[in-house]
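Below is one structure; the comments refer to it alone.
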Amino acid sequence: MSTTMNEYQLKYIELKKQYDQSDGDAEHVQALYEYKDFLEEQDTPEAKWVLVDVCDTLKLYKTAYEILRSLVECADRKSLKRLGKLQSLKEQGDHFALRRPKDGKEQERQKRLLDTLPFFKYHPNPLETEAFIQTDSPVTCDCCGNLTKIYYESPFYAVENVDCLCPECISSGKAAKKYDGEFQDECSLESGVDGKDKTDELIHRTPGYNGWQQEYWRTHCGDYCAFKGYVGYRELKQMGIVEEVLNDSVWDDWGEERDEVIKNVVNGGSVQGYLFQCLHCGKYLLWIDCD
Ligand SMILES: [Zn+2]
Ligand SMILES: [Zn+2]
């Protein structure tokens, strides 16, 4: 160990060790983010160098690149080499970064916004799943012609080309009726639900989600589940529900291989996970597909 190791580096090494040992659970991701906040407030090069490491670990490659670039003007060859590596990674932006566990403030803001929208029981947080897009400059709903700052694009299976729908036209069934369209293919639903009303609400009055392949809607306890969002193994691990989603008959065909398969599920990767939750017993269920 170098004798020039400073307090910032020592702290980072400790946090990184805990993060690696925990295989990336939420508590240790949060600790890294908090340390990132702290380092950003320090105005010394020592702190900035360590900030690059923290951002690198969090896969915030673009951010790491930018901080490093400001530091390397008179830096050594090793740092220049690292800058080159981050430069190639920064193309993906911070898109694949480990997600920061949401703090109270951001949750409050989202909740307030969500309260202004119609409620979709099979897709309860379309803001978080990004089924609904938020924009500062209002767009026109194709169905009702009203201006909206929150809108939906896809999937919507209809003959006519529909680009933009407001939440109200989805929730009221107006859009499905006007265009004779469906937000979820009726032929791609897990069995086990009786009652036409439930299916009608799901396919005609609920925003869908975007799969690599044909979207599939999970069911449990005799009803459709709520779509919770896009996940990979890392997110499931952070939520502490890996065991829960593996305890599901959809994995029966995989046998022992399932433990390996689930580790290869990456949010935004070529094996994508879609998370559902039962509205009645609360169980989490997973669906996966490949690009
Ligand atoms: Zn509308
Ligand atoms: Zn259930």
Neighbours by Cβ (under 8 Å, 6+ apart or cross-chain): first from the stretch 169-188, among the polar types (S, T, N, Q); second within 16 Å of ligand 1 (Cβ to nearest atom):
SER171/PRO118; SER171/PHE120; SER171/ARG205; SER172/PRO118; SER172/ARG205; GLN184/THR206
Could you check the stretch 104-153 and list, in sequence order, the residues that are farther than 19 Å from GLN184 by Cα and among the small types (Gly, Ala, Ser)?
GLY104, SER137, GLY145
Contacts under 6 angstrom Cβ, first residue in the stretch 236-258 being in contact (Cβ under 8 Å) with a residue 24 or more places away in the chain and assigned by TED's automatic domain parsing to the domain that holds GLY268, partner surrounded by 16 or more Cβ atoms within 10 Å (Cβ to Cβ) and of a type in the set (Ser, Thr, Tyr), 6 or more apart:
ILE241/TYR284; GLU244/TYR284; VAL245/TYR284
Looking only at the stretch 190-216, how many residues end up being touching a Ser or Thr at 6+ places or on another chain (Cβ under 7 Å) and within 24 Å of VAL265 (Cα to Cα)?
6
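Find the helices (runs of 4 or more DSSP H) located wholly in the stretch 196-291 whose residues include 2 or more that are closer than 27 Å to LEU117 by Cβ, and list them.
Qualifying helices (runs of 4 or more DSSP H): 196-205, 233-239.
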Tally time: how many residues in the stretch 177-195 are assigned to a loop (DSSP other than H, G, I, E, B) and surrounded by 15 or more Cβ atoms within 10 Å (Cβ to Cβ)?
6
Name the residues in the stretch 18-50 that are farther than 19 Å from GLU66 by Cβ and not in a loop (DSSP other than H, G, I, E, B), would you?
GLN18, TYR19, ASP20, GLN21, ALA26, GLU27, HIS28, VAL29, GLN30, ALA31, GLU34
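Give the residue that is nearest to ligand 2 (Cβ to nearest atom), with candidates limited to residues of the stretch 224-242 that are under 16 Å from CYS281 (Cβ atoms) and out of contact with any helix residue (DSSP H, G or I) (no Cβ under 6 Å at 6 or more places or on another chain).
If we filter the stretch 224-242 for residues that are under 16 Å from CYS281 (Cβ atoms), which is where we start, we get 224-226, 228, 241.
Imposing the further condition that a residue be out of contact with any helix residue (DSSP H, G or I) (no Cβ under 6 Å at 6 or more places or on another chain) reduces the set to 225-226, 228, 241.
On the way: CYS225: 8, ALA226: 11, LYS228: 14, ILE241: 14 Å.
In this case the residue turns out to be CYS225.
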With respect to GLY269, is the statement that it is among the small types (Gly, Ala, Ser), surrounded by fewer than 19 Cβ atoms within 10 Å (Cβ to Cβ), more than 11 Å from ligand 2 (Cβ to nearest atom) and under 17 Å from the mean Cα position of the chain (by Cα) true?
yes
Residue identified as surrounded by 14 or more Cβ atoms within 10 Å (Cβ to Cβ) and at pLDDT 90 or above among LEU86, LEU117, LEU98:
LEU117
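The values are calculated or read from the model by the stated rules, or taken from the named source; none is laboratory data. Quantities reported herein were computed from a predicted structural model and do not represent experimental measurements. Here Cβ is always computed from backbone atoms with ideal geometry, including for glycine, and neighbour counts include all displayed protein chains.
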